[in-house]
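Novice: Before I ask anything, let me first share the structure, which is written out below as structure tokens.
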């Protein structure tokens with residue numbers, strides 16, 4: 001078995017660019033390099049045509065029309081534009097926004113910023129499985145509510161929210177519905193019509209496209225959504241996002257969407273098989289391992305597991321030739337354990353032991369088997385080193401211990 | 001985060017992993033940290049009551065690589081030292097030896113605490129030495 005090390009299993013962070021995407025992009029650097037906004041020569045026309053083609057490819061993947069796609073620099077910008085842009089545009093209608101606690105920071109921090117400017121934000125809790133309760137949502141809506149912003153699928157635990165049901169509620173109550181679709185689009189079917197989504201953030205680099213390019217779907221009818229721009233200038237993108245378009249990036253984004261459109265069904269099945277192989281391998285050889293979040297409503301390529309009694313950073317150190325992420329405080333910039341796991345009611349002790357596995361298009365069965373072997377070996381070794389494992393095996397109830405913390 | 005060679009060396013080949021019998025009157029056990037904080041160290045030493053020399057030391061640690069390395073190093077350092085000498089080991093010595101970055105200094109503090117806790121436990125077991133032990137422990141903290 002010859003596999004290339006290190007193994008990349010961090011596909012929720014970013015994905016490698018598909019070679020077919022790179023190939024599609026290359027001519028747009030050196031030959032078709034025009035500014036898509038140049039209206040009076042062939043260089044501009046060709047660039048514009050390429051952009052419009054990409055717009056169609058992206059729209060098709062989410063069942064939108066090309067004119068509803070606004071290009072941005074990535075999903076962080078898309079989330080900012082959707083939330084702040086809608087808040088400003090509809091300020092007279094109301095000042096209330098509803099979101100939920102496991103959103104990405106690009107959404108949470110945009111909401112927090114608006115709170116400083118007098119907006120009110122409701123942060124819905126999640127159930128143990130990571131999904132919001134629809135009754136909580138119904139109760140939270142007031143006549144002042146202008147926007148509901150809920151992610152399609154979570155970046156840490158892969159849990160998929162009941163988007164179609166939320167969309168229905170939003171439509172009934174006349175509230176705009178924004179969805180951060182970064183982890184879901186291209187991985188599972190996302191349909192803005194069926195799901196009643198009014199605003200949808202997407203990015204290229206999570207679907208084997210280039211970094212630095214994203215889009216915001218902005219619904220044009222039933223209802224028409226308007227946004228106040230965050231970036232002013234030449235009035236590009238229907239005035240919602242000025243700035244010269246990143247033509248090669250956009251071409252790559254379009255190509256990446258086209259590939260997802262054609263291969264998503266098959267690829268999702270393959271991801272699911274690899275994920276089950278990974279899960280079964282770990283669960284059959286280790287005790288005291290716990291899945292974080294719903295296994296039913298989950299992206300096919302995600303697995304998030306707590307390995308009790310083994311601290312996440314030390315586990316990462318032991319499997320250094322496998323690229324994954326941990327919810328351990330020691331691996332985060334803030335030195336706090338994952339807020340997502342905390343929201344699920346996962347104790348901080350278990351949050352410190354969590355690992356996120358993100359499978360992708362280029363992973364193989366051999367890589368999964370290698371990962372299982374390495375993780376089992378390292379967890380076993382570190383448990384031999386763990387006083388907590390020893391105490392648990394002796395029957396000590398760790399939750400009742402008086403710990404002398406610093 | 002990049003680890004120093006010494007941290008990696010201790011992580012890959014931790015010294016003196018294991019447990020000593022807690023009930024043994026000559027064994028002191030220090031258990032410090034908390035699972036919620038992501039670090040728990042258990043350090044045990046077997047001390048000769050006549051010579052006060054630490055004859056054996058064992059550890060088990062739940063924590064990051066730096067925590068494992070700090071406690072592994074602590075067992076290496078206390079072995080063969082007298083109780084009095086071991087009490088003088090400072091967390092800053094551990095930081096220097098392992099080249100720990102600022103965010104990992106608490107690992108070395110925990111290792112120093114574990115040494116002191118184990119010695120305090122041993123002194124408590126000695127019973128008659130209890131007042132002295134409490135005094136010494138208080139002095140060490142100041």
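Novice: What are the residues in the range B:31-65 that are surrounded by fewer than 24 Cβ atoms within 10 Å (Cβ to Cβ) and either assigned to a strand (DSSP E or B) or more than 10 Å from chain A (Cβ to nearest Cβ) (or both), if any?
Specialist: Hits for the range B:31-65 are B:31, B:34, B:46, B:48, B:49, B:50, B:51, B:52, B:53, B:55, B:56, B:58.
Novice: Does residue B:72 satisfy the condition of being in contact with a strand residue (DSSP E or B) (Cβ under 8 Å, 6 or more places away or on another chain), farther than 19 Å from residue B:120 by Cβ, within 12 Å of chain A (Cβ to nearest Cβ) and touching a residue at least 60 places away in the same chain (Cβ under 8 Å)?
Specialist: Spelling it out, residue B:72 is indeed in contact with a strand residue (DSSP E or B) (Cβ under 8 Å, 6 or more places away or on another chain), farther than 19 Å from residue B:120 by Cβ, within 12 Å of chain A (Cβ to nearest Cβ) and touching a residue at least 60 places away in the same chain (Cβ under 8 Å).
Novice: Right, here's the next one. Could you check the range A:378-389 and list, in sequence order, the residues that are free of Cβ contacts under 8 Å to residues at least 40 places away in the same chain and in a helix (DSSP H, G or I)? Explain how you work it out, then say what you get.
Specialist: We begin by selecting, within the range A:378-389, every residue free of Cβ contacts under 8 Å to residues at least 40 places away in the same chain; these are A:384-385, A:387.
Across the range A:378-389, the qualifying residues are A:384, A:387.
Novice: Can you find a residue in the range A:390-404 that is in contact (Cβ under 8 Å) with a residue 40 or more places away in the chain, part of a helix (DSSP H, G or I) and closer than 17 Å to residue B:60 by Cα?
Specialist: There is at least one residue in the range A:390-404 that is in contact (Cβ under 8 Å) with a residue 40 or more places away in the chain, part of a helix (DSSP H, G or I) and closer than 17 Å to residue B:60 by Cα.
Novice: Out of A:113, A:131, A:139, which single residue is farther than 30 Å from residue A:250 by Cβ and touching a residue at least 12 places away in the same chain (Cβ under 8 Å)?
Specialist: Among A:113, A:131, A:139, only A:131 is farther than 30 Å from residue A:250 by Cβ and touching a residue at least 12 places away in the same chain (Cβ under 8 Å).
Novice: Checking residue A:358 against (1) surrounded by fewer than 22 Cβ atoms within 10 Å (Cβ to Cβ); (2) more than 9 Å from chain B (Cβ to nearest Cβ); (3) in contact (Cβ under 8 Å) with a residue 40 or more places away in the chain, which test does it fail?
Specialist: Of everything listed in (1) surrounded by fewer than 22 Cβ atoms within 10 Å (Cβ to Cβ); (2) more than 9 Å from chain B (Cβ to nearest Cβ); (3) in contact (Cβ under 8 Å) with a residue 40 or more places away in the chain, residue A:358 misses just condition (1).
Novice: So which of B:94, B:115 is in contact with a helix residue (DSSP H, G or I) (Cβ under 8 Å, 6 or more places away or on another chain), away from chain A (no Cβ under 11 Å) and either more than 18 Å from residue B:22 (Cβ to Cβ) or modelled with pLDDT under 95 (or both)?
Specialist: Exactly one of B:94, B:115 is in contact with a helix residue (DSSP H, G or I) (Cβ under 8 Å, 6 or more places away or on another chain), away from chain A (no Cβ under 11 Å) and either more than 18 Å from residue B:22 (Cβ to Cβ) or modelled with pLDDT under 95 (or both), namely B:94.
Novice: If you take just the helices (runs of 4 or more DSSP H) that sit entirely in the range A:8-105, which of them hold at least 3 residues that are buried (at least 24 other Cβ atoms within 10 Å of the Cβ) and not assigned by TED's automatic domain parsing to the domain that holds residue A:163?
Specialist: Those helices (runs of 4 or more DSSP H) do not exist here; none qualify.
Novice: Right, another one. What do you reckon, is residue B:102 surrounded by fewer than 18 Cβ atoms within 10 Å (Cβ to Cβ) and over 30 Å from residue A:345 (Cα atoms)?
Specialist: Here the answer is yes, as residue B:102 does meet what is asked.
Novice: A follow-up question, please. Only one of (1) more than 10 Å from chain A (Cβ to nearest Cβ); (2) at positive phi; (3) free of Cβ contacts under 8 Å to residues at least 60 places away in the same chain is not met by residue B:21, so which one is it?
Specialist: Failed condition: (2).
The values are calculated or read from the model by the stated rules, or taken from the named source; none is laboratory data. For clarity, every value in this text was computed on a predicted model and none was experimentally measured. We place every Cβ from the backbone using ideal geometry, glycine too, and count neighbours over all the protein chains shown.
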